[in-house]
Amino acid sequence: MNTTMDTPRHDWTREEALALFELPFNDLLFRAQQTHRQHFDPNAVQVSTLLSIKTGACPEDCAYCSQSARYETEVERERLLPLEEVARSARAAKAEGATRFCMGAAWRNPTDTQLERVIEMIRVVKDIGMEACVTLGMLTRTQAERLRDAGLDYYNHNIDTSPEFYPEVITTRGFEDRLDTLAHVRECGIHVCSGGIVGMGESRDDRASFLVSLANLPRHPESVPINLLVRIPGTPLSDTPALEPFEFIRTVAVARLMMPRSHVRLSAGRTDMNPQMQAWCFFAGANSIFQGERLLTAANPQADADRALFDTLGIHPLIPDGYSEATPEDSLLPRKVHFSLTPSAG
Ligand code: SAM
Ligand code: DTB
Ligand code: SF4
């Protein structure tokens, strides 16, 4: 096995990934941190904010999701948000220090008319001077091209879990459908954000296989969100036993080792993690978070708590190249750290 892990690989086997999971914890974290330092400022964390632009009444049956029409959850359905509300939200996120604004819609896939409305939102976010990301479900190649032409920076589409465990979680669209959308996004030049959820009752083998599926894509996603399942009352996964915290940290470390140049996002589930656990995740190679008190429908830590965590750990938010910063008085950004959106993760 390549011990320095310097060059991105796309030929991982599940056995190799499992061997990483099975390393003594200190060895795994030491190696992950070494790899992390080869490619990133270890104290810089990219900050995104999420907004649900269309909530609930989704026809899909994703067993973890508060927004599926098939489950009785507390989520109220909402129509597509007005443009002005998106603009207000993006300005507020920028003032809080986020550099990327991610908009999510509870769709299986967008219609062309819906896509046009989202494109207006992307333009508004770009005008405010933030990176734009959207997650709208499956896309055709033509739709991906329209998003690229609108200036979209990232498209989020998760593979969610291993191909083997996937049918236990979602039956209304297949794993291959997800790969098709990812290929459309990649081929038309939008940065790819793709990861998944751990803690859904999958095995360690599944976690290894999930990371192999991501790392063996033709190019690694630039952004890899690792979500800890948020157990939503009313969904089939609401009573899933909590994942052992060290296993989550191991998953982050293995993701870092297998996709050395990608931003690994410590994503959903941070309200169930204490500051020490989040610090371990950063040490394991996580270098991105969602900031803001709400994810799409679920709670996220308060901005104050994240500010305190960054201060305690000496972490600073990462500023992308060419980013136009918010005014100093309303930004929490103390330092400038540059990275380039190109070249890609590998
Ligand atoms: N409807 C679109 C789709 O599924 O592609 C976009 C939005 S969907 C909510 C985006 C991702 O959020 C999912 O693929 C899943 O990985 C993550 N997610 C949703 N609910 C979650 C939960 N309860 N806990 C953790 N992650 C979750
Ligand atoms: C991702 O991987 N996690 C985000 C984002 N991509 C769209 C969504 C997390 C959703 C958590 C549950 C909720 O808010 O409903
Ligand atoms: Fe719908 Fe996305 Fe939720 Fe699945 S994850 S039910 S596609 S909103």
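Since every read-out is calculated from the coordinates, none of them should be taken as a lab result. Source: prediction; values computed, not measured. Note that each Cβ is placed from the backbone with ideal geometry, even for glycine, and that neighbours are counted across all protein chains shown.
Remarks
- For chymotrypsin sites (Phe, Trp or Tyr not before Pro), no site in region 104-184 is both called loop by DSSP and has at most 10 other Cβ atoms within 10 Å.
- Region 165-284 shape via C-alpha gyration tensor axes, a/c threshold 1.5: oblate
- Relative contact order (%) - the chain, alpha-carbon pairs under 8 angstrom, separation at least six: 24
- Placing +1 on each Lys and Arg Cβ and -1 on each Asp and Glu Cβ, with no other charges, gives the chain a dipole about its Cα centre of roughly 560 debye.
- Entry note, the chain: the mean residue ellipticity at 222 nm calculated from DSSP H runs of n ≥ 4, each adding -39500 (n - 2.57), is -11000 deg cm²/dmol after division by the residues and rounding to the nearest 500.
- Restricting region 1-106 to GluC sites (Glu not before Pro) in coil, as DSSP defines it, with at most 13 other Cβ within 10 Å: GLU22, GLU72, GLU74, GLU76
- Among beta bridges that DSSP assigns inside the chain, antiparallel share in %, nearest 5: 5
- Cysteines not pairable in the chain (beta carbon separation under 4.7 Å absent): CYS58, CYS188, CYS193, CYS281
- The chain: most fluctuating residue of ALA69, ALA93, ALA208 per GNM, C-alpha cutoff 10 Å: ALA69
- With the alpha-carbon atoms of the chain aligned to their principal axes, the span from lowest to highest coordinate is 51, 47, 37 Å, starting with the largest.
- Charge dipole (debye, nearest 20) of region 57-210; +1 at Cβ of Lys and Arg, -1 at Cβ of Asp and Glu: 480
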